[in-house]
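*Asks:* One structure coming up, written as structure tokens, with questions to follow.
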Amino acid sequence: MSQNDAPSFEALLAAAEHSAFHLEMRDTYDVGDEASDFEHWRNTGERDTDPDSAYWAPWVDLIGRTVARGVTVRRARIVSEPVTEYIRYEHAGASVNVLAGEEVRWLPRRLASAIPLPGNDFWLFDRTAVLFNHFSGDGGWADPKWEMRTEPEVIELAARAFGLVWEHGIPHAKYAV
């Protein structure tokens, strides 16, 4: 299903009844909505961790409402070590993801060798739909940005991959960068 045919991320999250799992596998991203925050962190070492800030408030609200409905929201990141500057930035802000209600784990890439992984980052909703995120080589959004898939074999690949990454991942509070 193309990006134009797929429901929005917000609609998929709003429709989730049990779970929304996100797997990130890149060591760097370059998406516009975080560019100024990332640049500020690079220049000062200070990351916006205010859940009420203009940067975080929409996400904190969205995840908070989702978790309040009883949906489990998990985020797992496969990372190369030593971690990139961008992963240090993500780690510095992940406390807000946790505060919002997400569970977050980190898996060193060297521990992922035996895990069958899809070729793209994704969100898995209730084991009924997978929303793949498409990025260019430099980490910016590709065109199209995403692709939704509902074939059972694609859902099973995503569910198995996420489950194994989650099982072997290190909880955010215990993962030091």
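*Asks:* Given +1 on the Cβ of Lys and Arg, -1 on the Cβ of Asp and Glu, and no further charges, what dipole in debye does the chain carry about its Cα centre, rounded to the nearest 20?
*Replies:* For the chain, the charge dipole is close to 680 debye.
*Asks:* Quick one: 3J(HN,Hα) in Hz for the stretch 15-21, Karplus 6.51/-1.76/1.60 with θ = phi - 60°, rounded, Gly and Pro as x.
*Replies:* Once θ is set to phi - 60°, the couplings for the stretch 15-21 become 7, 4, 9, 10, 8, 9, 10 Hz.
*Asks:* While we're on this one: Kirkwood Rh over Cα pairs of the chain into Stokes-Einstein at 20 °C, 1.002 mPa s: D in µm²/s?
*Replies:* For these conditions, the coefficient is 128 µm²/s.
*Asks:* Still on this structure, I have one more. Got a sec? Charge dipole of the chain, +1 on Cβ for Lys and Arg, -1 for Asp and Glu; which of Ala142, Ser19, Leu111 is way out at the positive end?
*Replies:* Leu111
*Asks:* Provide the percentage of antiparallel DSSP beta bridges, counting only those with both residues in the chain; round to the nearest 5.
*Replies:* If we restrict to bridges inside the chain, about 55 percent are antiparallel.
*Asks:* Right, here's the next one. Take the alpha carbon atoms of the stretch 1-65, find their center, do the same for the stretch 109-152, and report the distance between the two centers in whole angstrom.
*Replies:* 15 Å
*Asks:* May I pose another question? Per the helix-only calculation at 222 nm, which mean residue ellipticity applies to the chain, given -39500 (n - 2.57) for every DSSP H run of n ≥ 4 and division by its residues, nearest 500 deg cm²/dmol?
*Replies:* -11000 deg cm²/dmol
*Asks:* Could you grab the relative contact order for the stretch 1-84? Cα pairs under 8 Å, six or more apart, rounded to a whole percent.
*Replies:* Taking the mean separation of contacting Cα pairs over the length of the stretch 1-84, I get 48 percent.
Where a number appears in this text, it was derived from the coordinates with a stated rule and is not lab data. All values reported here derive from a predicted model rather than from experimental measurement. No Cβ is skipped: glycine too gets one built from the backbone with ideal geometry, and neighbour counts run over all protein chains shown.
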